[in-house]
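Notes to accompany the following structure.
The values are calculated or read from the model by the stated rules, or taken from the named source; none is laboratory data. Just so it is clear, the structure is predicted and the values come from calculations on it, not from any experiment. No Cβ is skipped: glycine too gets one built from the backbone with ideal geometry, and neighbour counts run over all protein chains shown. Keep in mind that these areas ignore ligands, DNA and RNA; they rest on the heavy atoms of the full protein, side chains included. Shrake-Rupley method; radii C 1.70, N 1.55, O 1.52, S 1.80 Å.
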Amino acid sequence: MRKIWTVLGAAGLFCMLGVGSAQAKEARTLCVYDPSGANGDAFAAMKDYQVAASAWGVDFTLKPYTNEKTAAEDFKAGKCDAVFLTGVRARNFTKFASTLEALGALPSYELLGEAITLLAQPKAAKLLKSGDYETAMIMPMGAVYIMVRDRSWQSIEAIAGKRIATIDFDAAAKHMVRLVGASMVAADISTFGGIFNNGAADICYAPATAFKPLELEKGIRDKGGVLRYPIAQLTGQILIHSSKFPSGFADKSRQYGADNFAKVLQLSTKADSSIKSSYWIDIDKAARERYDQIFLDVRVYLRDSEKVYDKDALALMRRLRCKDDASRPECAQKRE
């Protein structure tokens, strides 16, 4: 588990260094989710963010958590002033930023970078607040790919009836599994790899950064592969109780994250390129457009019926997608 947090939740943060300030700082607590606790790589990396925050007038005490749900609950209860969570967990606090992880919403790293840059502007701050909760930083943690045990399962239709290892607290993934007619095998970040590798699930989804640490080639074997089609963008997010922080702190934090996007992203692009070329499966245009349509249906449903996704965030990402490629069929639908 230590290895996966080196790649999934920690390495990008090593770039987050800052210069300490001699002025008096406000003492605050930052909850850090790391499966290995204070001995883990994510916790060690947050020490670097701790240094950066000192330049913005905050002296953080870091508090390790090996259970992400508990870290989120303690943040909600006010036991910690800030917290580091995955974007999926962050959805319980600020929907706008967590909506960046919506299925099919940002099909490339370039579009994710554009979105993070836009949200780093001070005028976007109001979009990242929900009551006293505020998203203080967004970091790329890798494009998420579908991994299959049989290369012939490339289309939406082929996935029907298959077993998919599904993060059990991810409403979007659960709805997608139902929509395509597949079966859900409940999992979490610590178990989905083993479930896929031992054959208890036919399909899983994960960023390339998880491929080697979780030995997912054991699940792919000789017949499987990785669909070269990003279904989502994984992000790491720092949330704060905004009333407990000095004016301008979150703006500086978000801008620092945007400025370092390219450096942090190197981990993900390196992981993508490290997967053997023979494992990649290139799907045709028709299959890609079918996936696009299914994911659009999921986003609209979760926006309107479940209130999981933020409508303004979806509209922003639609503009980015259509600006990048106006020929996309969805650009004429105007459903987001």
field: Of the criteria (1) open to solvent by 30 Å² or more (accessible area, probe 1.4 Å); (2) under 13 Å from MET147 (Cα atoms), which one GLY199 fails
entry: (1)
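Of all the residues that make up region 270-320, how many are within 22 Å of the chain's Cα centre (by Cα) and under 28 Å from ARG151 (Cα atoms)?
17
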field: GLN233, sole failed condition from (1) in contact (Cβ under 8 Å) with a residue 60 or more places away in the chain; (2) open to solvent by 10 Å² or more (accessible area, probe 1.4 Å)
entry: (2)
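Which of the residues belonging to region 285-336 are in contact with a His (Cβ under 8 Å, 6 or more places away or on another chain) and either of a type in the set (Ser, Thr, Tyr) or not in a helix (DSSP H, G or I) (or both)?
Residues of region 285-336 that are in contact with a His (Cβ under 8 Å, 6 or more places away or on another chain), as a first pass: 298, 301-302, 306.
Matches in region 285-336: TYR301, GLU306.
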field: Given (1) in contact with a Cys (Cβ under 8 Å, 6 or more places away or on another chain); (2) more than 30 Å from ALA286 (Cα to Cα), number of the condition ASP259 does not satisfy
entry: (1)
- prompt: What are the pairs, 6+ residues apart or on separate chains, where a residue within region 319-332 that is under 12 Å from PRO107 (Cα atoms) has its Cβ under 8 Å from a residue that is open to solvent by 90 Å² or more (accessible area, probe 1.4 Å)?
  reply: ASP324/GLU110
- request: Kindly provide the set of residues from region 44-64 that are among the polar types (S, T, N, Q) and either crowded, with 16+ Cβ neighbours inside 10 Å or touching a residue at least 40 places away in the same chain (Cβ under 8 Å) (or both), ordered by number.
  value: GLN50, SER54
field: Residues of region 23-41 satisfying the condition of being within 15 Å of GLU68 (Cβ to Cβ) and at pLDDT below 85
entry: TYR33, ASP34, PRO35, SER36, GLY37, GLY40
task: Give region 165-195 a look and list any residue that's more than 14 Å from ALA232 (Cβ to Cβ), among the β-branched types (Val, Ile, Thr) and part of a strand (DSSP E or B), or say none.
output: VAL185
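Of everything in region 297-336, what is among the small types (Gly, Ala, Ser) and surrounded by fewer than 16 Cβ atoms within 10 Å (Cβ to Cβ)? Give them in sequence order. Explain how you work it out, then say what you get.
Start the filter on region 297-336 by keeping residues that are among the small types (Gly, Ala, Ser), which leaves 305, 313, 315, 326-327, 332.
Once the filter is applied, which keeps residues that are among the small types (Gly, Ala, Ser) and surrounded by fewer than 16 Cβ atoms within 10 Å (Cβ to Cβ), region 297-336 yields SER305, ALA315, ALA326, SER327, ALA332.
Of the residues ALA182, ALA173, ALA186, ALA158, only one is open to solvent by 30 Å² or more (accessible area, probe 1.4 Å) and either under 21 Å from VAL308 (Cβ atoms) or without any contact (Cβ under 8 Å) to a residue 60 or more places away in the chain (or both); which? I'd like the intermediate steps shown before the answer.
Details: ALA182 fails: open to solvent by 30 Å² or more (accessible area, probe 1.4 Å); ALA173 fails: open to solvent by 30 Å² or more (accessible area, probe 1.4 Å); ALA158 fails: open to solvent by 30 Å² or more (accessible area, probe 1.4 Å).
Just a single option satisfies the conditions, and that option is ALA186.
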statement: HIS241 vs (1) of a type outside the set (Ser, Thr, Tyr); (2) modelled with pLDDT of 95 or more; (3) surrounded by fewer than 18 Cβ atoms within 10 Å (Cβ to Cβ): all pass except (3)
query: of a type in the set (Lys, Arg) and touching a Leu at 6+ places or on another chain (Cβ under 8 Å), is that true of ARG321?
result: yes
statement: Screening ALA45, ALA72, ALA10 for residues that are modelled with pLDDT of 85 or more and small (Gly, Ala, Ser) leaves only ALA72
query: Is there a residue being under 30 Å from THR29 (Cβ atoms) and part of a helix (DSSP H, G or I) anywhere in region 215-223?
result: no
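Looking at this structure, is ASN67 at pLDDT 90 or above, under 19 Å from the mean Cα position of the chain (by Cα) and open to solvent by 30 Å² or more (accessible area, probe 1.4 Å)? Steps first, answer last, please.
Working: at pLDDT 90 or above: no; under 19 Å from the mean Cα position of the chain (by Cα): yes; open to solvent by 30 Å² or more (accessible area, probe 1.4 Å): yes.
Criteria not met by ASN67.
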